[in-house]
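Just below is one structure, and these are the notes that go with it.
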Amino acid sequence: MTMTEPANEIIYMDAVLTPNASLSPHAFRLVMGLAIAMSLVSSLMFTPMGAWPVMGFFALDLFAIWFAFRWVRRRARQETRVRVTANRILMHHRDGEGREKRAEIPSAFARVELDEPVRPTSWLRIEHGRTAYIIGRFLTPKERKTLAEGLRNALQRARSERHSA
């Protein structure tokens, strides 16, 4: 993911936001292996009793577990990049499917907003006029607050450079 800016422009913040990974690939294989083993042992216990269709239900459970992990891993591939310079804020978001959105707003008129007290439904927004860009939806409330403070600090330093020049 590349963002273009003049070579002499100072970058006050360059943050790449990604969701926390639920499991590493090795841990995923281990969890699925344990689930398969437990399902196989459990279903084999029902077979001598004549309840062999139970094996199919255990297979459906395994498929549901696999599908849920796959869905979570796809969502974990999303990425948001925020870059603050004296002249602008560049935002670039790539979702888990690979679709990309970009936005650029002048740093002189940007505001960083986060509803206080910070709750799970308090979204971090970069606002410009009547437009608001929500970033870091996947971050915890504490992470959103830390990012908001960092963005405000970076904007303040960027504005001071612009006014001193």
Quick check: anything in region 104-112 under 21 Å from the mean Cα position of the chain (by Cα) and assigned by TED's automatic domain parsing to the domain that holds Ala158?
-> yes
Among the residues of region 125-135, is any farther than 30 Å from Ser24 by Cβ, outside any loop (DSSP other than H, G, I, E, B), modelled with pLDDT of 90 or more and of a type in the set (Ser, Thr, Tyr)?
-> yes
Does region 53-71 include one or more residues that are touching a Phe, Trp or Tyr at 6+ places or on another chain (Cβ under 7 Å) and touching a residue at least 24 places away in the same chain (Cβ under 8 Å)?
-> yes
Per the filter on region 58-88, residues surrounded by 12 or more Cβ atoms within 10 Å (Cβ to Cβ) and either in a helix (DSSP H, G or I) or more than 37 Å from the chain's Cα centre (by Cα) (or both) are Phe58, Ala59, Asp61, Leu62, Ile65, Trp66, Phe69, Val72, Arg73, Arg74, Arg75, Ala76
Residue count for region 111-152, restricted to those that are in contact (Cβ under 8 Å) with a residue 60 or more places away in the chain and farther than 13 Å from Ile89 by Cα | 5
For residues in region 89-116 being touching a helix residue (DSSP H, G or I) at 6+ places or on another chain (Cβ under 8 Å) and outside any strand (DSSP E or B), which is modelled with the lowest pLDDT?
-> Gly96
Can you confirm whether region 147-165 contains a residue that is aliphatic (A, V, I, L, M), farther than 20 Å from Ala21 by Cβ, over 20 Å from the mean Cα position of the chain (by Cα) and exposed (fewer than 14 other Cβ atoms within 10 Å of the Cβ)?
-> yes
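The values are calculated or read from the model by the stated rules, or taken from the named source; none is laboratory data. Everything numeric in this text was worked out from a predicted model, so none of it was measured. Don't worry about glycine lacking a Cβ; one is built from the backbone with ideal geometry, like all the others, and counts go over all protein chains shown.
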